[in-house]
Every structure is written in structure tokens, then in C-alpha cells.
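Structure, as C-alpha cells:
The values are calculated or read from the model by the stated rules, or taken from the named source; none is laboratory data. Just so it is clear, the model here is predicted, and its values are computed rather than measured. A quick note on method: Cβ atoms are made from the backbone with ideal geometry, for glycine too, and the neighbour counts reach across all protein chains shown. Accessible surface is based on the protein model in full, side chains and every heavy atom, while ligands, DNA and RNA are left aside. Shrake-Rupley method; radii C 1.70, N 1.55, O 1.52, S 1.80 Å.
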Amino acid sequence: MTEASPFRSEAPAYDLVVQQLIPGYTSLARLAVALLAASPRAGQADAAVLVAGCGTGAELLEARAQRPDWRLTAIDPAAAMLAIARERLVGAAGIHWQQATVEQLGALDAFDGAMAVLVLQSLADDGSKLAFLSSLARAVRPGGQVVLVDLMRPEGSPLQSQMEAAWLGYQRASGLAAPDEALAGLSQGLFPIGTARLTALVNAAGFSDPAPVFKALDVEGFLLQRRA
Ligand SMILES: C[S@@+](CC[C@H](N)C(=O)[O-])C[C@H]1O[C@@H](n2cnc3c(N)ncnc32)[C@H](O)[C@@H]1O
């Protein structure tokens with residue numbers, strides 16, 4: 001991982017920094033798994049579920065706790081992140097690990113559901129976001145759902161400057177060193193888009209309109225469903 005953004009901190013520091021950065025981060029994995037577990041396809045026993053960009057394993061730990069029957073595939077291109085996830089989940093059965101991007105996985109109709117938490121934001125909107133989303137849509141079966149969580153670009157709210165100040169305050173209160181630098185760093189190496197652009201991209205990729213399920217300042221979560 002590069003050092004351009006605090007979302008891309010060295011793997012060992014990732015878990016602490018991400019909690020200091022994102023209000024509600026510790027609930028995200030629990031919510032993502034609960035949403036998918038309540039979906040028609042992944043809700044079924046022994047469902048096959050993809051954790052795309054598993055990082056240090058937050059969603060995997062939660063999936064194991066809530067749905068020990070799920071057959072999990074955990075992928076991430078970053079060896080250091082995968083190594084931490086594997087260590088945290090040592091002894092956990094039913095996880096297929098692969099060091100790969102979703103695009104490299106090339107899976108077709110293989111999963112009943114998927115999660116991609118804080119992944120799309122790091123891809124440029126130069127065809128890379130669409131390639132990622134299209135690969136994700138092909139990987140899940142028709143009707144399968146994906147929980148997508150990302151840093152979004154704010155869309156002209158009159159409260160925006162208050163939101164930014166609140167975010168800095170949150171980070172300071174969480175003990176983050178140099179929150180001003182951290183917030184400035186968010187604009188480097190990350191490519192947030194607005195809801196209208198996200199809707200266009202997920203539609204082009206083969207999903208239905210994104211349904212909002214989470215929002216904390218500019219971090220938002222959506223449920224996508226692959227069109228039949
Ligand atoms: C900010 S971390 C999020 C990790 C975890 N999902 C979480 O919520 O803590 C983003 C992860 O996505 C991975 N990643 C980046 N591009 C990817 C891609 N195209 N396919 C799959 N994973 C990717 C990165 O290596 C990184 O580990």
C-alpha cells in the first residue's frame with residue numbers, strides 16, 4: 001500500500017487509524033454482514049459470499065460470528081493486509097483466500113452476495129471504477145446483492161463546512177495524530193464521486209440503483225442488486 005492517504009496506512013496501523021478516521025467504522029462490518037444475511041440469496045444456508053478488499057479482516061470476523069455457514073472467499077491485492085487478516089482468522093474454517101483484485105478474480109455467477117467496504121474510493125474514475133463494479137456484478141449471481149461502502153464526494157450541502165469541522169473534531173477526539181494532515185490526505189489517492197455518478201456507474205455495471213443504508217458524514221453505504 002502507498003502512503004498517499006491515511007486510508008492506505010501501513011497495514012499494522014490500519015485498524016487503529018481507520019477507527020480514528022471514520023465515525024461508525026466499528027459498526028460497518030457488523031451492519032454489512034447483517035444486511036447481506038437478510039438478503040434473499042445470501043440469506044440462504046451455506047451461501048457463497050465474496051469479501052472484496054478484505055483488508056485486515058473486519059468483515060470476515062463478523063461474517064464468521066454471524067454466519068458460520070457461509071462459504072467465504074476473501075480477496076485483496078495487498079499481501080500485508082491479507083497476512084494480518086489470515087492471522088486474525090487463523091483456525092477459521094470455510095475461507096478461501098486469494099491475493100487478487102476483483103478484476104483479476106474473473107469470477108462469473110459464483111457468489112450469492114458480496115461486500116466491498118472502502119475499496120471503490122481508491123480507484124480512479126477513468127474506467128477503473130467501472131471495471132471494478134462490472135467485475136463485481138459478474139461475480140455475483142443475478143439477484144445477488146452487494147454491500148458497498150465508500151467515501152463519497154459531498155454535493156453542495158450548506159452544512160458542508162460544519163461537516164468538515166466536525167470530522168476534524170471527531171478525529172482529534174479519537175486521538176488521531178495531526179487530523180488536519182489526515183483530512184488533507186483524504187483528497188490524495190482517493191477518488192470519491194457523488195451519488196449521481198455512482199448510480200450511473202452501478203447501472204452500467206449491471207446493478208440496480210444503489211439503495212442507501214448508512215451515512216456518517218461523507219462515508220456512505222449502499223445496497224446494490226445485480227439485475228436478473
Ligand atoms: C481501506 S481498505 C478496506 C479494508 C476493509 N474492507 C475494511 O473495511 O477495513 C481497502 C482495501 O481494498 C484493497 N483493494 C484495492 N483495490 C482493490 C481491488 N481492485 N479489488 C479488491 N481489493 C482492492 C486494498 O488493498 C485494501 O486492502
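Considering only protein heavy atoms and a 1.4 Å probe, what is the carbon-and-sulfur percentage of the accessible area of the chain?
Carbon-and-sulfur percentage of accessible area, whole number: 56.
Can you give me the C-alpha center-to-center distance between the range 116-171 and the range 6-63, rounded to a whole angstrom?
Their Cα centres are 14 Å away from one another.
Kindly report the accessible area of the range 12-70 per residue (heavy atoms of protein chains, probe 1.4 Å, no ligands, DNA or RNA), in Å².
Here the residues of the range 12-70 average 36 Å² of exposed surface.
Please report, to one decimal in angstroms, the Kirkwood hydrodynamic radius of the range 126-228 built from all distinct Cα-Cα pairs.
By the Kirkwood definition, the hydrodynamic radius is 15.1 Å.
Using helices alone, I'd like the mean residue ellipticity at 222 nm for the chain: each DSSP H run of four-plus residues gives -39500 (n - 2.57), total over residue count, nearest 500.
-12000 deg cm²/dmol
With the other protein chains left in place, how much accessible area per residue, in square angstrom, belongs to the range 91-136 at a 1.4 angstrom probe?
About 39 Å² of surface per residue is accessible.
By the scheme Lys and Arg +1, Asp and Glu -1, what is the net charge of all other residues having a beta-carbon under 10 Å from that of S208?
The answer is +1.
Dipole of the chain (Lys/Arg Cβ +1, Asp/Glu Cβ -1, origin at the Cα centre): which of P154, A85, V49 lies farthest to the positive side?
Sorting the options by dipole projection puts first V49.
Given the peptides 74-82, 157-165, arrange them by the average over their residues of other C-beta atoms within 10 Å, most packed first.
74-82, 157-165
Going by accessible area, probe 1.4 Å, with all protein chains left in place, what is the ranking of F191, F111, largest first?
Per-residue accessible area, sorted high to low, gives F191, F111.
Among DSSP bridges having both ends in the chain, what percentage is antiparallel? Round to the nearest 5.
Percentage antiparallel, nearest 5: 40.
Counting Lys and Arg as +1 and Asp and Glu as -1, what is the net charge of the other residues whose Cβ lies under 10 Å from the Cβ of P142?
Local charge sum for P142: +3.
Considering every pair of different Cα atoms, what Kirkwood radius, in Å, is found for the range 1-140?
Mean inverse Cα-Cα distance, inverted, gives 15.2 Å.
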